[in-house]
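The values are calculated or read from the model by the stated rules, or taken from the named source; none is laboratory data. Being a predicted model, the structure only gives us computed values, none of them experimental. Counting neighbours? That spans all protein chains shown, and the Cβs are built from the backbone with ideal geometry, glycine included. Remember, those area values only see protein heavy atoms, side chains included, never the ligands or the DNA or RNA. Shrake-Rupley method; radii C 1.70, N 1.55, O 1.52, S 1.80 Å.
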Amino acid sequence: MAALLGIEGISVGYDRADVLRDVSLAVEAGSITCILGSNGSGKSTLIRAILGLTPPRRGRIVLDGADIAGLPTHAIVARGVACIPEGRRVFPKLTVAENLRLGAYRETREARIRSRMDKVFAIFPRLAERAGQLAGTMSGGEQAMISIGRGLMPEPRLLLVDEPSLGLSPLLVKENFAVIRRANEMGITLLLVEQNVRQTLAIAHSGYVLSQGRVVASGSAPELAQSAEVHQAYFG
Amino acid sequence: MDVGLFGQYVANGLMLGVIYAMVAVGFTLFFGVLDVIKFSHGDVLTAGAFAGLATYGGLQALGFASPAVQLLIMLLVAVAAMAFLGALIAKYLVLPLRTAPPLNTLLLTLMLGAALRECVRLFYPQGANPKPFPRLLPQDAVALGSFMLRLDNALLLLGGLAAIAAVHFVITRTKLGLAIRAVAQDAETARIMGIDFERVVLLTFALGSGLAALAGIMNGLYYSEINFSIGLLLGVIGFSAAVVGGLGNIYGAILGGFLFAGLQTAGAVLLPALLPQLPSAYKDVFAFAAVIAFMAWRPTGLIAEKTAERV
């Protein structure tokens, strides 16, 4: 399989301190690749680096053969990268429909926006009922649906998912993982960042373990499930 | 009170309200997208009025005599020039200071305002003197009982309301407006959606500054006179109106503009009636005192959008 995203030796940091040091990884086209790691391991910084929000100091981020490190965020998004951010980050004073519309901001054809919104509504009928409601007035679970739906709206080639289980009930987490798997079956490549090891490895094809800003283990999902490093990174 | 006089006060109050609302909308837009107070806004209005006047002079020299054509070209030139100036200010003065303490932006735009004002005074021919502004609107009047409705005032009022409605339409119904609202609520997530943050900020500043130019020309047409310092008071009033309404909220800014004009008009009418030794010139003192009292009562304004923690 060809790598859709290749990260080659990036170091990323804020101010003086590097949070990620010499991180390399690959996301195969069509796969669900996961990044496991505890709090502060640098997972979210990795997402920020890919999106261009915190550009890497060294190294390359190659999307489909082109280096995107250093490009502004909107240019990276225009190349087919989307993100379901940590903490959902819905726009509270916009309606559900406006939130979804913003997901497809780079898409100019109204017919496509409509048909994609219908697809999202088919996955989350609750959102169709509440299309005109302000997102900030909805429950945490409903906001998670908006955030996921918004990430699907651009029909991205690479979807970055940052901690989808954070702050949700076990039942909702299960549902959201099912949606993520379904998105992958629809052809979207996913990079999934999670702390929830068991459920993540159940849907991922392969993964990497981050600890203190470095990749300490990698392999297929079944291999990682057996790996001592995973246990150490989490429970050690 | 005489009905005609009462009508006159109402018409005057509405007219001022529209102008204030247009200035206040600019303040609230800038605060919305960047959380900054741009104190040069009033002086951009002055520059817009003078750009209009200079265009008028040029058109006279070229021999365009039709007032309608003159007014149209003046508006186009002034609004376009100030929209461009607003975008320039955003790009080279406000955006580079994003990571600096907000007080620096405040100070910088305050200085920029003073510089703009002085430039108008020094470089415009006899810029220190008040300038007569051409009366380009029809001067006819319609008698409604004892109230004389002047056609030019009615047109100005309608024009101002139409401009506010147009801005409202852009903000609530267009893709740019959706992007502006998204950036105002969560700039980083807006970028993740693929919104070009800098472009949206520049367009927002262009929109607000173009609106200020329009307000400047309306102010000139209403009083038939402009001077280099009109923006000083209009800027402070527009800022007050935006804060009273709740910074970041468009409806609040419009409401605040009309509220301030109402206070001024009430001050002009009531002060001499209640206290004969106070002339109506104290109307501004009255209006600002009322705003201060109001802010003590509701520190976040009528419609709190976000708290003004950056000022």
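General remarks:
- Extension gain for B:Ser224 to B:Val69 (0.36 nm times residue separation, less C-alpha to C-alpha distance): 54.0 nm.
- Placing unit charges on the Cβ atoms only, positive for Lys and Arg and negative for Asp and Glu, gives the protein assembly as shown a dipole magnitude near 240 debye about its Cα centre.
- Separation of region A:108-158 and region A:3-50, taken as the distance between their Cα centroids, equals 27 angstrom.
- Accessible heavy-atom area order of A:Leu152, B:Leu263, highest first, probe of 1.4 Å: B:Leu263, A:Leu152
- Distant-in-sequence amide contacts of A:Ser211, defined by a placed amide H-H separation under 5 Å and a gap of 5 or more residues or a different chain, comprise A:Val216.
- Long hydrophobic helices in chain B, taken as whole DSSP H segments with a C-alpha length of 24 Å or more on their own axis and mean Kyte-Doolittle hydropathy at least -1.0: B:3-34, B:41-62, B:67-89, B:102-123, B:151-173, B:197-223, B:250-274.
- Cleavage-rule hits, trypsin sites (Lys or Arg not before Pro), region B:103-207, DSSP coil, Cβ neighbours within 10 Å at most 14: B:Arg135
- Computed over neighbours whose Cβ is under 12 Å from that of B:Pro130, the net charge equals +1, Lys and Arg +1, Asp and Glu -1.
- Computed with a 1.4 Å probe over protein heavy atoms only, the accessible surface of region B:1-120 comes to 40 Å² per residue.
- Candidate lysines for bridging to B:Lys175, where Cα separation is under 22 Å - those fewer than 8 sequence places away on the same chain excluded: A:Lys93, A:Lys119, B:Lys91
- Residues A:Arg126 and B:Val142, FRET efficiency given R0 of 56 Å [Cβ-Cβ distance, rounded to 0.05]: 0.50
- Highest GNM mean-square fluctuation among A:Leu71, A:Leu100, A:Leu51, for chain A modelled with Cα contacts below 10 Å: A:Leu71.
- For region A:112-236: accessible area per residue (Å², 1.4 Å): 46 Å²
- Here the simple spin-label model places points 7 Å from the Cα toward Cβ, and for B:Leu158 and A:Lys119 these points are separated by 4.9 nm.
- ³J(HN,Hα) computed for each position of region A:215-231 - Karplus, 6.51 cos²θ - 1.76 cosθ + 1.60, integer Hz, glycine/proline x: 7, 9, 7, 7, x, 6, 4, x, 4, 5, 4, 8, 6, 5, 4, 4, 5
- Accessible carbon and sulfur surface of the protein assembly as shown relative to its total accessible area, %, 1.4 Å: 62 percent
- Positive-end residue of B:Met15, B:Gly267, B:Leu247, charge dipole of chain B with Cβ unit charges: B:Leu247
- The B-A contact accounts for approximately 2000 Å² of buried accessible area, totalled over both chains at a 1.4 Å probe radius.
- Residues whose amide H lies under 5 Å from that of A:Glu86, counting only those 5 or more places away or on a different chain, are A:Asp162; hydrogens are built 1.01 Å from N in the peptide plane.
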